[in-house]
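Have a look at the structure below before the remarks.
Coordinate-derived values only; no laboratory data. On a predicted model such as this, the values are computed, not experimentally measured, just so you know. Positions of Cβ are backbone-derived with ideal geometry, glycine not excepted, and every protein chain shown enters the neighbour counts.
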Amino acid sequence: DAGVIQSPRHEVTEMGQEVTLRCKPISGHDYLFWYRQTMMRGLELLIYFNNNVPIDDSGMPEDRFSAKMPNASFSTLKIQPSEPRDSAVYFCASSLGASGTEAFFGQGTRLTVV
Amino acid sequence: AQSVTQLDSHVSVSEGTPVLLRCNYSSSYSPSLFWYVQHPNKGLQLLLKYTSAATLVKGINGFEAEFKKSETSFHLTKPSAHMSDAAEYFCVVSDLGGSQGNLIFGKGTKLSVKP
């Protein structure tokens, strides 16, 4: 398996534009996580899914952020409209089973909003 | 509620000397604990995990960690640092009895290795 695949690896966009980050989890994994990493706040869980259903989105910072998982092999994180403070590295991770199992991380998407 | 505290934001050691990265946790249930490593501009990779089996856990690249319930600690150690160990290390807790699949990350400890 190629691991968790995220695209794009880098994204530079202007303030106010819509940004869509994509993630393909490892085949067969039933949990998918979206994290955001910044120098100031470290690694924050934004939302996670179990069997394509959002379980906890309490980490989503505001209504400008939305995430979907239309099927077991694809998820998106959308920011509309984007703001400079959204600049961060966004990681997607997937795991098999409940807590206590390893999460496998993608390489991340570095988002810069200017 | 679960939480994890990494006591040092930055640790610097000389190559060939021991490494100690400290982590304390709080958990309402029997926790699972992990250490992840992140090299510059890379994703996170699992070093080792504890899931209520042996309290001394061995991981990749010569790292190990000991679960001490009485001290609520899960410190990461390595007998002899290598230059390639320079990275950021995250201690992570997950409650077996709590929210399924939810990992709580510490703030990270940046390890520098001097030649």
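A few remarks follow.
- Ignoring lysines fewer than eight residues from A:K78 along the same chain, the ones with Cα atoms less than 16 angstrom from its Cα are A:K24, A:K68.
- Sites count as exposed loop sites when they are trypsin sites (Lys or Arg not before Pro), lie in a DSSP loop, and have at most 15 other Cβ atoms within 10 angstrom; the longest stretch of chain A without one is A:65-114.
- The lysine pair count for chain B, using Cα distances under 16 Å and pairs eight or more places apart or on different chains, is 9.
- Cβ-based exposure ranking for A:Y90, B:Y36, in which fewest neighbours within 10 Å come first: A:Y90, B:Y36
- A:F105, A:F33, B:F105 arranged by Cβ crowding within 10 Å, fewest neighbours leading: B:F105, A:F105, A:F33
- Share antiparallel - DSSP beta bridges, region A:3-114, percent rounded to 5: 90
- Relative contact order %, region B:30-113, counting alpha carbon pairs below 8 Å whose residues are six or more apart: 30
- Taking amide hydrogens as placed 1.01 Å from N in the peptide plane, the amide H of A:G108 sits under 5 Å from those of A:Q6, A:C92, each at least 5 positions away in sequence or on another chain.
- Seen from all directions on average, chain A presents a Cα convex hull projection of 6.6 nm².
- Among A:F65, A:F91, the ranking by other beta carbons within 10 Å of each residue's beta carbon, starting with the fewest, stands as A:F65, A:F91.
- Ratio of Rg to Rh over the protein assembly as shown (Cα coordinates, Kirkwood Rh, two decimals): 0.97
- Relative contact order computed over region A:1-78 (Cα-Cα under 8 Å; 6+ residues apart), in percent: 28
- Rounded Å value of the spacing that divides the Cα centres of region A:36-64 and region B:1-76: 23
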